[in-house]
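Report on the structure given below.
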């Protein structure tokens, strides 16, 4: 398969990635926590779906202050997840099914239980002291700066023994690493190569845009040395290997995305950007007070990114992940038209240019969980922000309403395998409650239904593998200001696909531009197959379809 420059497409451009949150995916030993052997037992399921890559959220040793994103040993598997032998078995068994495993690389910070930090705080003369970011107190004895943590409160914590503050942009148990130190970088690169040598298929890089921070200048993200650091990482580790690298970068813009992923930049395969996510949030209270859904604004973002990376770089395509609400609850209708809207969202995303990422449970239409009490939540961010919002005068019920809409625990409830207790996730007591709707929304029921959301996802995954126009076709959008419908085309040579989607629960009639009035073959649809696009078309609630045009036939 050739791209428009005549070069062969990369293997990760025509595959689909599946994200697993190990704690919540499949529990093999009944302790209520998912594990590696549980994942191994479900590889046939992922193979049947057509998945080519699995991204594992962190599986390393950790105090689990932030569910594994606080790592205390990068080369030891957390015992609740299994052993290194289990991991090697997972890589081997996955590879036998044509599936690569990528790991979550969390190197902006470690746990405060990491040996580096324990040694660093033991003495100002420790060889590891400069692995972290330390500053003396302000003249009044307080924090060095006013910088706030993402999880609420100051980003500085006083280490009383050393009489200095250390930086943590997240939990106080997640001290930031000092990437200006070449000795630190060498240790990280050594660790990365150790995992690559074990046969992994690459890395997803947690908040990679923060490693170039320069806090004395007030810069926490997208610092002036960021891309030099990523280029060095590329050169010292994965650059000489055929692997997938994805950088999580909340600060990324369409222009900076090319810095990360341009073909001659020697940095990453692609970045996760979140502009389509954050435009749904309130300017003051962020995700805890979501805005009403605005399709025109969403299209503006999607179109901007598709256009910016049309000729260079590469898009990552996703609706949800372990930090975000369930896709069908956020962008669709999880009550009246759950199946239809879930299929619509999948169609829109998977037929765009980029590599699609499916978050566990998305493929069966799992929904947000309606918790009613703060005691049901487990996420450190939610618990911290609940306390801070209540101190600021927000009613608890109002906060929980926002958390149920956008909190991270929505994505972390157990995978719903069957109608059995706890969704078949565990024979024990799960670490977080399963959504009660597992009785009807589960894998077992989905596999038995040829018209299920799961079946729709499998078709889309197969289309990406078999259709060069889906992988490499040029994107063009239409009807950008239409408040209910999203329409775009993908064109490669003589082939063109027209994608039409209704984001409304109402019957909607739309006039199509003359240039896409055509007829052809139905590639996929969530109602009846559509073969002909005339001037005016009537769309059922959340209807979506793709037509492969018969060239030369217009209506």
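Values as computed for the structure displayed
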read-out	value
Matching entry among 444, 433, 450 (being surrounded by fewer than 21 Cβ atoms within 10 Å (Cβ to Cβ), in contact with a helix residue (DSSP H, G or I) (Cβ under 9 Å, 6 or more places away or on another chain) and assigned to a loop (DSSP other than H, G, I, E, B))	433
Lone unmet requirement of (1) modelled with pLDDT under 95; (2) under 21 Å from the mean Cα position of the chain (by Cα) for residue 8	(2)
Hey, residue 177 surrounded by 21 or more Cβ atoms within 10 Å (Cβ to Cβ), over 22 Å from the mean Cα position of the chain (by Cα), modelled with pLDDT of 95 or more and over 28 Å from residue 99 (Cβ atoms) or not	yes
Any hit, region 112-123, residues being at pLDDT 95 or above, assigned to a loop (DSSP other than H, G, I, E, B) and surrounded by 23 or more Cβ atoms within 10 Å (Cβ to Cβ)	yes
Test: residue 486 is closer than 14 Å to residue 349 by Cα, not in a helix (DSSP H, G or I) and not assigned by TED's automatic domain parsing to the domain that holds residue 52	yes
Flag if residue 509 is surrounded by fewer than 17 Cβ atoms within 10 Å (Cβ to Cβ), without any contact (Cβ under 8 Å) to a residue 40 or more places away in the chain and out of contact with any helix residue (DSSP H, G or I) (no Cβ under 9 Å at 6 or more places or on another chain)	yes
Top-ranked residue of region 164-203 - restricted to ones that are assigned to a helix (DSSP H, G or I) and in contact with a helix residue (DSSP H, G or I) (Cβ under 6 Å, 6 or more places away or on another chain), ranked as nearest to residue 230 (Cα to Cα)	189
Filter result for residue 82 (touching a residue at least 24 places away in the same chain (Cβ under 8 Å) and within 29 Å of residue 181 (Cα to Cα))	no
Residue identified as within 26 Å of residue 464 (Cβ to Cβ), in a strand (DSSP E or B) and in contact (Cβ under 8 Å) with a residue 60 or more places away in the chain among 498, 524, 537	524
Of residues in region 53-81 being at positive phi and surrounded by fewer than 22 Cβ atoms within 10 Å (Cβ to Cβ), the one modelled with the lowest pLDDT	67
Criterion (in contact with a helix residue (DSSP H, G or I) (Cβ under 8 Å, 6 or more places away or on another chain), assigned to a loop (DSSP other than H, G, I, E, B) and under 30 Å from residue 83 (Cα atoms)) met by exactly one of 242, 222	242
Residue, nearest to the chain's Cα centre (by Cα), within region 366-393, restricted to residues that are without any contact (Cβ under 8 Å) to a residue 24 or more places away in the chain and outside any helix (DSSP H, G or I)	392
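The values are calculated or read from the model by the stated rules, or taken from the named source; none is laboratory data. Remember, predicted model here, so these are calculated numbers, not experimental data. A quick note on method: Cβ atoms are made from the backbone with ideal geometry, for glycine too, and the neighbour counts reach across all protein chains shown.
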